[in-house]
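Colleague: To start, I am sharing the structure in question, which I have written as structure tokens.
The values are calculated or read from the model by the stated rules, or taken from the named source; none is laboratory data. Remember, it's a predicted structure, so these values are computed and weren't measured experimentally. Cβ: placed from backbone, ideal geometry, glycine included. Neighbour counts: every protein chain shown. Protein only, heavy atoms only, side chains kept; ligands, DNA and RNA dropped before computing areas. Shrake-Rupley method; radii C 1.70, N 1.55, O 1.52, S 1.80 Å.
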Amino acid sequence: MNAPLPLTRCPLHRTVTLAVAAISIIVFHSWSASADTARSTAHQDPVAHLDALMRTHWEENEISPSSAATEGEWCRRVFLDVIGRIPTLDELDTYLKDNSDDKKSRLVERLLSDQYSEAYTRNWANIWTNVLIGRSGGSERNSRTNRRGMQVYLEEAFRENRPYDQVVTELINARGTSRPPTASDSARDFNGAVNFLAMKLGNNPNDPEYGTQATAKTSQIFLGRRVQCTQCHDHPFNRWKQNQFWEFNAFFRQTVALRRFEGGRNISFIQLAEQDFQGPTGEPEEAEIFYDRRNGIRMAAYPVFTDRDGAQTKLSRSGFIEDIDRRAQLASLVRQSGYLPEALVNRYWAHFFGHGFTQPFDDMGPHNLPSHPDILQYLSEQFVASGYDLKELTRWITLSEAYGLSSRLGAHNEADNPTLGETPLFSRFYPRQMRAEQLYDSLLIATRADKTGQTTADQEGKRAEWLRQFVIAFGTDENDEKSTFNGTIPQVLSLFNGDLIQQSIVAESGSFLGEVIRDGEMTPREKMDRLFLAAFSRKSSAKERRWANRAFANNESATAAFQDVWWTLLNTNEFILNH
Amino acid sequence: MLHFKSRRDTSRRHFLKHLAAGAAWAGPAAHFLSTLQSQAAELKKNQKSVILLWMGGGPSTIDIWDLKPGGITGGPFNPIGTSGDPQICEHLPKMAQQMHHMSIVRSMSTREADHSRGRYYMHTGFVPNPSVEHPSYGAVVAHQLEQTRPNLEIPPFVSVGGNSTGPGFLGLAYAPFIVDSNGRIRDLEMKTTESRWRSRMQFLNQLESQFISQNRGPAATEHRKILEKTNRLLTSTQMEAFRVDGEAQSVREAYGNTAFGRGCLMARRLVEVGVPFVEVDLGGWDTHSDNFNQLETKLPEMDQAMAALVADLTDRGMLDQVALLWMGEFGRTPRINGNTGRDHWARSWSAVVGGAGFQRGIAVGKTNSDGTEVETTPYSSEDLMATVLQSIGISLDTRFTAANGRPMKIAGGGRPIKELLA
């Protein structure tokens, strides 16, 4: 395929173009000012300040938080949320036996250290792959997305804890090819980050619908603003207007996702590259795009970025890359945007607490004000001041008082029930389904207990295959999709009878269960405790052992009884929920 | 509730005897163990249900049900006469023979022209709202009619293809049970013996109850409800309804050997055993480019399956009990774009209903000459939903209490379309 060709220039327009090439920037508000404030208060412990803010909210709502979670519960949830799986027996044991005052912080540090780099990286690369290209991204027929390519980029970024603002810039402004090099193929110019936009752009920037997905997803994911419906009309609730959608969209019109073939009709990889944009009227000096108002009136739009408080940055109208590289400008505008840190903080908060400061967490705006604006703002400022350090943010949240609360509803916080539509007050931990990936990895951990899961390509493949059964793609122009791993019947069937659970209860020597059963040193009660610790991070109670005895007394062997206990534990709400 | 998976009836009867033993340990957890029901599943009189044919992507109804031949917006297709009053597209010859059973609403006028918002709105009768998740059609109907189906062992809301929306505040127990059009359901085979399965269920129930009693909130409670439903369907002979290959070849051929054809056939089998709501997806209507060629290949598949479904329900005397509804999230622009496509358009489009208590064979409402405006009373998702619910006898005075205590009108407070109800 051809490299993008520069368009022929009209010499007469040249001077005019240059005259407007300078970017006019009007900024009313920016986080950089707030960042300075944050730095001046950097001596303060962010966790203590966060806790104080949260306690004020509890007092104002006249509730008292639930009591603290048990050590086992807290350990289990922090493993699940930070590295995506439950702790092994050894890991749990190490934590429970630690007698130091700062044992929580020591555990979080361990999970964020090189010791867990692989698991941490894999967990977050997976989460972000699903965010950026969807659960089915790359598996579409003749897809332009290379899922592995996306993961390769994200793994690199999370392994080195790359600053978030830099990652976002790299994703929006990525250029290069999509397919990672293999032993037999040294793919030229590979840049896995291009996979974020690969499927959201095409090769005809004059298509009236060009880049609408790139527009909607970039705004929703990085800025926490859902603008898709403004493609056709002004937003009914917030201040987004239709022109802003297309002004944002205009930033993507110099970019094409060129398909590359290596024999055959299937796409081998894509190259994301820039080319001059001439607009539908063929005048690159004034490269506009058109959209239709609802009343049928046709309007023109040029690249304009609208930031917090309506602050606008207008770019030159030229479509010549030489004059202005629209996508590079967009990447830098998003990087400086005040929306960026608050959208990320809200996303992270929702990850760790199950609910963000807005519901949904990626639909922020005047129509959907945050429940805890002070905490959102404080954490956003601290996050900026830390240099957009995702691990720092993880420390603050996981060590906060709220994150350490029990998931039991207390006597004085009954009103705090967001699943009933109430505003979350974070006075207890909200139990929630493990994600499919968390469950898969936790089952591997629970069943191979002390041998932590090694990452091999083979394992990744099995895992991907297992996960695929739960994904349904809708096949619309927005690539909508959903997961049936949502607590409904197919998920329960899979845990009742699926291959994975069958493997988990294998009692041969070498398997986790087999080793527990065969251990001559342990009493039956100790064996029960091993199983309960592995599944729930707690020991069994006398009552539970009595139940098990009664249920499985007639089993043909002790092995069969332990298998049935183990099967049952893995099917309980206590196992399946992060609580 | 203890079931034992077996394909042989003898085992099943044998297993029934164990229920007496089961009662001994049921105790406080009795509600977890519902009684094993007789498997008689004859379609009862007044056993109403709904089949929604969901046209994902937004079908170009101006080319299907409300043609504007000759005009600038009209496109190349010609209208043909039908067995009912209205004319429809020439590429629907089989449906043309069935239109005396169906009616077209040509005055749908909505405001959501984005796929996910439109899908939500047309499925729930509410626009998306961040603070509350509304229940979809299927969940509402399942919730309202479930009590009338004590013998139903399989989920009351089945989505063939999965393009439906969720149960919202009605809870996961009313979530769509999603299957593909081949009716394959993974992991149905219980891989242990009857007695071990029963012991596991006993212990599982005790652990579930214990965790729930610790005040862990709805996620823990919902999990048990789903366990119960799953356990029930594991052994149900009603699961046979999903197996369309059990149907005579002539019947299968009538529906067409397509995913949508199998889905429609499965829908008939499911309503026959008493499932109150079945949704069958036919996607791929998002024709931003090459609209007419795409329709020419798509419409025959739809025509054959939909017409076969109407004819089959009629032949079996079921049509009066089953409300049929055909719609997508919106229509498509009367204006034909530069790629011979049509874009999203919610302001004037058509939906189709039939069966149950509907007036049949008519067209309700009218669009202007180029199809850009509705000239008669415009109808919304709420109105359409109210009409469908009323057609199967669900009271529009029904109020739900959303999880936050807010009362919510069924069908978003929509008012039934009078012309459609006798």
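Colleague: Going by the conditions given, is A:Glu247 charged (D, E, K, R) and modelled with pLDDT under 90?
Modeller: Considered against the rule, which asks whether it is charged (D, E, K, R) and modelled with pLDDT under 90, A:Glu247 comes out as no.
Colleague: Quick one: which residue in A:Ala385, A:Ala343, A:Ala402 is within 19 Å of A:Trp74 (Cα to Cα), touching a helix residue (DSSP H, G or I) at 6+ places or on another chain (Cβ under 8 Å), away from every other protein chain (no Cβ under 14 Å) and modelled with pLDDT of 95 or more?
Modeller: Values: A:Ala385 fails: within 19 Å of A:Trp74 (Cα to Cα); A:Ala343 fails: within 19 Å of A:Trp74 (Cα to Cα).
From the options A:Ala385, A:Ala343, A:Ala402, the qualifying one is A:Ala402.
Colleague: Shifting gears a bit: All but one of (1) modelled with pLDDT of 95 or more; (2) surrounded by fewer than 24 Cβ atoms within 10 Å (Cβ to Cβ); (3) part of a loop (DSSP other than H, G, I, E, B) hold for B:Ser289, so report the exception by its number.
Modeller: Among (1) modelled with pLDDT of 95 or more; (2) surrounded by fewer than 24 Cβ atoms within 10 Å (Cβ to Cβ); (3) part of a loop (DSSP other than H, G, I, E, B), B:Ser289 violates only (1).
Colleague: Residues that are open to solvent by 30 Å² or more (accessible area, probe 1.4 Å), in a helix (DSSP H, G or I), free of Cβ contacts under 8 Å to residues at least 12 places away in the same chain and more than 10 Å from chain B (Cβ to nearest Cβ): does the range A:554-569 have at least one?
Modeller: Looking for residues that are open to solvent by 30 Å² or more (accessible area, probe 1.4 Å), in a helix (DSSP H, G or I), free of Cβ contacts under 8 Å to residues at least 12 places away in the same chain and more than 10 Å from chain B (Cβ to nearest Cβ), one finds none in the range A:554-569, hence no.
Colleague: Also: Would you be able to say whether some residue in the range B:370-392 is polar (S, T, N, Q), part of a strand (DSSP E or B) and closer than 23 Å to B:Cys264 by Cβ?
Modeller: Pass one, the range B:370-392, residues polar (S, T, N, Q): B:372, B:376-377, B:380-381, B:387, B:390-391.
Still in the list and also part of a strand (DSSP E or B): none.
No, the range B:370-392 contains no residue that is polar (S, T, N, Q), part of a strand (DSSP E or B) and closer than 23 Å to B:Cys264 by Cβ.
Colleague: On the basis of being of a type in the set (Asp, Glu) and not in a loop (DSSP other than H, G, I, E, B), does B:Glu146 make the cut?
Modeller: yes
Colleague: Give me a count of the residues in the range A:521-553 that are open to solvent by 20 Å² or more (accessible area, probe 1.4 Å) and at the interface with chain B (Cβ under 7 Å from one of its Cβ atoms).
Modeller: Summing the residues that are open to solvent by 20 Å² or more (accessible area, probe 1.4 Å) and at the interface with chain B (Cβ under 7 Å from one of its Cβ atoms) in the range A:521-553 gives 1.
Colleague: When the residues of the range B:143-177 are filtered to those that are hydrophobic (A, V, I, L, M, F, W, C) and more than 14 Å from B:Lys229 (Cα to Cα), which remaining residue is farthest from the other protein chains (Cβ to nearest Cβ)?
Modeller: Checked the range B:143-177; the qualifying residue farthest from the other protein chains (Cβ to nearest Cβ) is B:Leu145.
Colleague: Looking only at the range B:344-358, filter to residues that are open to solvent by less than 20 Å² (accessible area, probe 1.4 Å) and part of a loop (DSSP other than H, G, I, E, B); which one of those is farthest from B:Glu375 (Cα to Cα)? Break it down stepwise before answering.
Modeller: The first filter runs over the range B:344-358 and keeps only residues open to solvent by less than 20 Å² (accessible area, probe 1.4 Å), leaving B:346, B:348-356, B:358.
Retained after the next criterion (residues that are part of a loop (DSSP other than H, G, I, E, B)): B:346, B:348, B:356.
Values: B:Ala346: 15, B:Ser348: 9, B:Ala356: 28 Å.
Taking the candidates together, the pick is B:Ala356.
Colleague: Restricting attention to the range A:322-356, which residues are under 13 Å from A:Arg253 (Cα atoms) and surrounded by fewer than 20 Cβ atoms within 10 Å (Cβ to Cβ)?
Modeller: Applying the first criterion (under 13 Å from A:Arg253 (Cα atoms)) to the range A:322-356 yields A:324-330.
Selection gives A:Asp325, A:Ala328, A:Gln329.
Colleague: If you don't mind, another one. Considering only the range B:393-408, state which residues are open to solvent by 40 Å² or more (accessible area, probe 1.4 Å) and either within 14 Å of chain A (Cβ to nearest Cβ) or part of a strand (DSSP E or B) (or both).
Modeller: B:Arg399, B:Thr401, B:Asn404, B:Gly405, B:Arg406, B:Pro407
Colleague: Restricting attention to the range B:231-246, report how many residues are within 20 Å of the chain's Cα centre (by Cα) and β-branched (Val, Ile, Thr).
Modeller: Counting residues in the range B:231-246 that are within 20 Å of the chain's Cα centre (by Cα) and β-branched (Val, Ile, Thr) gives 1.
Colleague: Which residues, counting only those in the range A:570-579, are more than 7 Å from every other protein chain (Cβ to nearest Cβ) and part of a helix (DSSP H, G or I)?
Modeller: Result: A:Leu570, A:Phe575.
Colleague: Sort out which residues of the range A:269-306 are of a type in the set (Gly, Ala, Ser), within 34 Å of the chain's Cα centre (by Cα) and either loosely packed, with under 14 Cβ neighbours inside 10 Å or farther than 18 Å from A:Asn243 by Cβ (or both), and write them in order of number.
Modeller: A:Ala273
Colleague: Moving to a separate point now. On the basis of being at pLDDT below 95 and farther than 21 Å from B:Gly338 by Cα, does A:Arg188 make the cut?
Modeller: Spelling it out, A:Arg188 is indeed at pLDDT below 95 and farther than 21 Å from B:Gly338 by Cα.
Colleague: Quick one: what pairs do we get from the range A:388-407, first residue farther than 15 Å from A:Leu344 by Cβ, second modelled with pLDDT of 95 or more and in a strand (DSSP E or B), C-beta under 7 Å, 6+ apart or different chains?
Modeller: Once the first residue is farther than 15 Å from A:Leu344 by Cβ and sits in the range A:388-407, its partners that are modelled with pLDDT of 95 or more and in a strand (DSSP E or B) give A:Gly404/A:Ala68; A:Leu405/A:Ala68; A:Ser406/A:Ala68.
Colleague: Let me ask another. Looking only at residues in the range A:461-510 that are at pLDDT 70 or above and touching a His at 6+ places or on another chain (Cβ under 9 Å), which one is nearest to B:Asp187 (Cα to Cα)?
Modeller: A:Val492
Colleague: Shifting gears a bit: Select from the range A:53-90 the residues that are free of Cβ contacts under 8 Å to residues at least 40 places away in the same chain and either surrounded by 21 or more Cβ atoms within 10 Å (Cβ to Cβ) or touching a His at 6+ places or on another chain (Cβ under 6 Å) (or both) and list them in ascending order.
Modeller: A:Phe79
Colleague: Within the range A:208-297, which strands (runs of 3 or more DSSP E) (wholly inside it) include 1 or more residues that are of a type in the set (D, E, K, R) and closer than 23 Å to A:Asn191 by Cβ?
Modeller: Correct list: A:255-261, A:267-274.
Colleague: Another question, then. Scan B:Ser181, B:Ser209, B:Ser199, B:Ser250 and give me the residue that is at pLDDT below 90 and either in contact with a His (Cβ under 7 Å, 6 or more places away or on another chain) or open to solvent by 10 Å² or more (accessible area, probe 1.4 Å) (or both).
Modeller: B:Ser181
Colleague: Take B:Thr314 and decide whether it is more than 8 Å from chain A (Cβ to nearest Cβ), touching a His at 6+ places or on another chain (Cβ under 7 Å) and either more than 28 Å from B:Trp345 (Cα to Cα) or in a loop (DSSP other than H, G, I, E, B) (or both).
Modeller: In short, yes.
Colleague: Anything in the range B:111-127 that is out of contact with any Ser or Thr (no Cβ under 8 Å at 6 or more places or on another chain) and within 9 Å of chain A (Cβ to nearest Cβ)? List them, or say none.
Modeller: Correct list: B:Arg111, B:Glu112, B:Ala113, B:Asp114, B:Ser116, B:Arg117, B:Val127.
Colleague: Let me ask something else about it. Within the range B:207-219, restricting attention to residues that are part of a helix (DSSP H, G or I), within 7 Å of chain A (Cβ to nearest Cβ) and free of Cβ contacts under 8 Å to residues at least 12 places away in the same chain, which residue is nearest to the chain's Cα centre (by Cα)?
Modeller: The selected residue is B:Ala219.
Colleague: Could we say that B:Arg186 is out of contact with any strand residue (DSSP E or B) (no Cβ under 7 Å at 6 or more places or on another chain), at the interface with chain A (Cβ under 7 Å from one of its Cβ atoms), in a loop (DSSP other than H, G, I, E, B) and within 30 Å of A:Gly421 (Cβ to Cβ) here?
Modeller: Working: out of contact with any strand residue (DSSP E or B) (no Cβ under 7 Å at 6 or more places or on another chain): yes; at the interface with chain A (Cβ under 7 Å from one of its Cβ atoms): yes; in a loop (DSSP other than H, G, I, E, B): yes; within 30 Å of A:Gly421 (Cβ to Cβ): no.
For B:Arg186, the condition - out of contact with any strand residue (DSSP E or B) (no Cβ under 7 Å at 6 or more places or on another chain), at the interface with chain A (Cβ under 7 Å from one of its Cβ atoms), in a loop (DSSP other than H, G, I, E, B) and within 30 Å of A:Gly421 (Cβ to Cβ) - is not met.
Colleague: When you go through (1) closer than 17 Å to B:Leu325 by Cβ; (2) part of a loop (DSSP other than H, G, I, E, B) one by one for B:Gly75, which number turns out not to apply?
Modeller: Among (1) closer than 17 Å to B:Leu325 by Cβ; (2) part of a loop (DSSP other than H, G, I, E, B), the lone unmet condition for B:Gly75 is (1).
Colleague: In contact with a helix residue (DSSP H, G or I) (Cβ under 8 Å, 6 or more places away or on another chain), within 14 Å of chain B (Cβ to nearest Cβ), surrounded by fewer than 20 Cβ atoms within 10 Å (Cβ to Cβ) and of a type in the set (Gly, Ala, Ser), is that true of A:Gly365? Working first, answer last.
Modeller: Numbers: in contact with a helix residue (DSSP H, G or I) (Cβ under 8 Å, 6 or more places away or on another chain): no; within 14 Å of chain B (Cβ to nearest Cβ): yes; surrounded by fewer than 20 Cβ atoms within 10 Å (Cβ to Cβ): yes; of a type in the set (Gly, Ala, Ser): yes.
In short, no.
Colleague: Hey, can you tell me all the residues within the range B:165-183 that are part of a loop (DSSP other than H, G, I, E, B) and at positive phi?
Modeller: B:Gly171, B:Gly183
Colleague: If I ask for residues that are touching a Ser or Thr at 6+ places or on another chain (Cβ under 8 Å) and either within 26 Å of A:Thr419 (Cβ to Cβ) or of a type in the set (Lys, Arg) (or both), which ones from the range B:386-403 would you list?
Modeller: Correct list: B:Ala403 only.
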